[in-house]
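The values are calculated or read from the model by the stated rules, or taken from the named source; none is laboratory data. Being a predicted model, the structure only gives us computed values, none of them experimental. Quick reminder, even Gly has a Cβ in these numbers, built from the backbone with ideal geometry, and neighbours come from all protein chains shown. In case anyone asks, the SASA skips ligands and DNA or RNA and just uses the protein heavy atoms, side chains included. Shrake-Rupley method; radii C 1.70, N 1.55, O 1.52, S 1.80 Å.
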Amino acid sequence: MLSTRLTNARFRTMDPAHPVAHDVGIWRGRIVGLDDAVTSLPAREVVDLQGATVLPGFIDSHVHLAWTGLKARTPSVAPCARVDDVLAVVADAVAGQTSPDAWVTLAGYDQRPLGRHLTAAELDRVSQGRKVFMLHDSGHGCVVNSAVLELLPADVPHENGFLAEGAMGAARALRPPHTQQELADAVAHAARTCRAEGVTACAEAGIGGSLFGHGPAELAAYQLAREQGQLPLRVQLMVAADALHPVALPDADHTPRALDLGLRTGFGDDWLSIGALKVYTDGGMMARTAALTAPYHGMDHGVDHGTDHGVAHTGQLQDDPEALADTIVAGHLAGWQLAVHAIGDRAADVALDALERAQRTHPRPAARHRIEHAGLIRPDQLARFARLGVSAVVQPNFLRCFGDDYAAIMGEQRAPWLYRGQGFLDHGITLVGSSDRPVTDGAPLRAIQFMVERASESGQVIGPDEGITVDEALRAYTVAGAFACHWDDSAGTLAPGRRADLVVLGDDPAGVSPSRIGDIEVVATYVDGSAEVS
């Protein structure tokens, strides 16, 4: 007997062997058959979906769950567009702290609407001596006051209180750690939001590191969330490369660095597992720290970033290219799948060079290495992606939300290279959809709409030749996401033997005008055959 039979729906299976179905049978959390194979079988529950469209559950292949949940509970200065308004929010947050030793943490900071960065001196005016830490929305920088600067080593670089990348990490490390329960609750909050938008599985994009990690026992917080029944979707955890340390193993093991006990990609189960090793090569475009081969437009004299006065601004790498390459090769040798953060084209060169060196040193053709973001990829770099078999894990909603700004700072020649779609597909590169939540909107349907239209929220079309079909965009959030996370034997399609993870939609994305895709209702999201109605 089936546990559940779903009927009277248009099941878009994403499986070319059986692309459309009208009935799906579920038993013990798995799909056991389609259409005639299950229509006449008895079932404990028969659900009439009343003509809805059903897809495999969306896979968000790059998300920050803990950060998302914590941000939702942190005072925010968004959408303030005046310095005085930001300082008023800071003053209110400071007033809510009674301990003189307290850290006052704020979210939502973005220098772009302000026209410049805030300064430590400005924060000092409203901080009453408390330590103020205001995180940039990109996650790649922060503004702190003098009370924090005084705690940092003298060689930590900053510009009037703005700290970028590693310098930000040094300030983050000074703050008291979150408890495991606080992190578990934050993860649960974010996961519920994802599931309500049709996401059934995701890859958490970096635990345990100095840039985006939230404590030395972060993995335990995810385990706690699961043990408490607070994990409503499947989670794969990327581990930040700086969590690895040198190990003394025989040369035959090809492992110069490792996580404790040799844990690596693949450890875990269907609900919680260790995914790729996350390696950061550069910063982000919002913070103007993505590493480019040619300068940012409009920043020839350090305007907006507050650094490199009189010098063309091209962003920054996280480390010396050789050191980054050594880390990438070490992870590859140790058996990890690699997820290499590279937003700018200069960072992509570093990533591709290192991945090529890694495969040449010790070939692992089935590793499925990924480049996260691939935000600005030159035409000449596409063939290298293809030759190395590297997936491009992009965030379409970046251009939907920030496209006008990104196009302006890249200029007319480079804007069409931003967060490509068709260019990757034309070269046979696996194109993977993701959100980078909470940096911007995480809804897969709105991202899919952008991948088709290539239109920002203002209506500006950015790189129209990079637009793809609705089916190709859906594949980026289903089949390709499963491939990128090594889940293709259990997720990404609605086929016998696959997990019963699916999303019920109020309309067919391929049957409406592209401009309406983002507004389609998510009626219900099934994980393991159990529904959560939105």
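Things to note:
Matching residues to (1) in contact with a Phe, Trp or Tyr (Cβ under 6 Å, 6 or more places away or on another chain); (2) under 30 Å from residue 398 (Cβ atoms); (3) in a helix (DSSP H, G or I):
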| position | (1), (2), (3) |
| --- | --- |
| 91 | no, no, yes |
| 117 | yes, yes, no |
| 125 | no, no, yes |
| 134 | yes, yes, no |
| 157 | no, yes, no |
| 163 | no, yes, no |
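- Residues of the stretch 494-527 satisfying the condition of being crowded, with 24+ Cβ neighbours inside 10 Å and within 14 Å of residue 473 (Cα to Cα): 517
- Which numbered condition residue 150 fails, given (1) crowded, with 17+ Cβ neighbours inside 10 Å; (2) more than 30 Å from residue 523 (Cα to Cα); (3) among the charged types (D, E, K, R); (4) at pLDDT 95 or above: (1)
- Of all residues in the stretch 69-88 being open to solvent by 40 Å² or more (accessible area, probe 1.4 Å) and of a type in the set (A, V, I, L, M, F, W, C), the one that is nearest to residue 195 (Cα to Cα): 72
- For residue 450, the requirement of being open to solvent by 30 Å² or more (accessible area, probe 1.4 Å) and of a type in the set (Phe, Trp, Tyr) is not met.
- The selection criterion, being farther than 21 Å from residue 288 by Cα, touching a Pro at 6+ places or on another chain (Cβ under 9 Å) and not hydrophobic (A, V, I, L, M, F, W, C), holds for residue 198.
- Residues in the stretch 213-230 that are open to solvent by 20 Å² or more (accessible area, probe 1.4 Å) and either touching a helix residue (DSSP H, G or I) at 6+ places or on another chain (Cβ under 6 Å) or in contact (Cβ under 8 Å) with a residue 12 or more places away in the chain (or both): 214, 215, 216, 217, 219, 220, 223, 224, 226, 228, 230.
- Single residue of 231, 211, 237, 219 found to be under 29 Å from residue 131 (Cβ atoms) and either modelled with pLDDT of 95 or more or not in a loop (DSSP other than H, G, I, E, B) (or both): 219
- Screening the stretch 329-347 for residues that are assigned to a helix (DSSP H, G or I) and out of contact with any Lys or Arg (no Cβ under 8 Å at 6 or more places or on another chain) and picking the one that is farthest from residue 415 (Cα to Cα) gives 333.
- Within the stretch 417-443, being open to solvent by 20 Å² or more (accessible area, probe 1.4 Å) and of a type in the set (Gly, Ala, Ser) holds for one residue alone: 428.
- Meets criteria (touching a residue at least 60 places away in the same chain (Cβ under 8 Å), within 17 Å of residue 337 (Cα to Cα) and surrounded by fewer than 24 Cβ atoms within 10 Å (Cβ to Cβ)) for residue 264: yes
- Candidates 290, 276 - the one that is surrounded by 24 or more Cβ atoms within 10 Å (Cβ to Cβ) and in contact with a Ser or Thr (Cβ under 7 Å, 6 or more places away or on another chain): 276
- Entry remark, the stretch 173-202: residues being part of a helix (DSSP H, G or I), open to solvent by 30 Å² or more (accessible area, probe 1.4 Å) and not small (Gly, Ala, Ser) number 7 in total.
- Within the stretch 358-386, the set of residues being touching a residue at least 12 places away in the same chain (Cβ under 8 Å), in a helix (DSSP H, G or I) and more than 21 Å from residue 205 (Cα to Cα) comprises 358, 359, 361, 379, 381, 382, 383, 384, 386.
- Yes/no for residue 404 being over 22 Å from residue 510 (Cβ atoms) and in a helix (DSSP H, G or I): yes
- The stretch 397-416, subset over 22 Å from the mean Cα position of the chain (by Cα) and among the charged types (D, E, K, R), residue least open to solvent (accessible area, probe 1.4 Å): 414
- The listed residue being over 19 Å from residue 395 (Cβ atoms) and open to solvent by less than 10 Å² (accessible area, probe 1.4 Å), out of 285, 299: 299
- Within the stretch 245-280, the set of residues being of a type in the set (Ser, Thr, Tyr), within 19 Å of the chain's Cα centre (by Cα) and either part of a strand (DSSP E or B) or over 20 Å from residue 204 (Cα atoms) (or both) comprises 273, 280.
- Candidate set from the stretch 309-328 (those that are of a type in the set (Val, Ile, Thr) and in a helix (DSSP H, G or I)); member that is least open to solvent (accessible area, probe 1.4 Å): 328
- Count of residues meeting criterion [over 21 Å from the mean Cα position of the chain (by Cα) and open to solvent by 10 Å² or more (accessible area, probe 1.4 Å)] in the stretch 121-140: 9
- Residue list for the stretch 368-386, restricted to those being of a type in the set (Lys, Arg) and either over 21 Å from the mean Cα position of the chain (by Cα) or open to solvent by 10 Å² or more (accessible area, probe 1.4 Å) (or both): 368, 378, 384
- Residue list for the stretch 436-489, restricted to those being acidic (Asp, Glu), assigned to a loop (DSSP other than H, G, I, E, B) and farther than 25 Å from residue 13 by Cβ: 436, 441, 457
- Failed item, numbered, when residue 205 is tested on (1) in contact with a strand residue (DSSP E or B) (Cβ under 8 Å, 6 or more places away or on another chain); (2) part of a loop (DSSP other than H, G, I, E, B): (2)
- Residue among 242, 300, 304 that is modelled with pLDDT under 95 and assigned to a helix (DSSP H, G or I): 242
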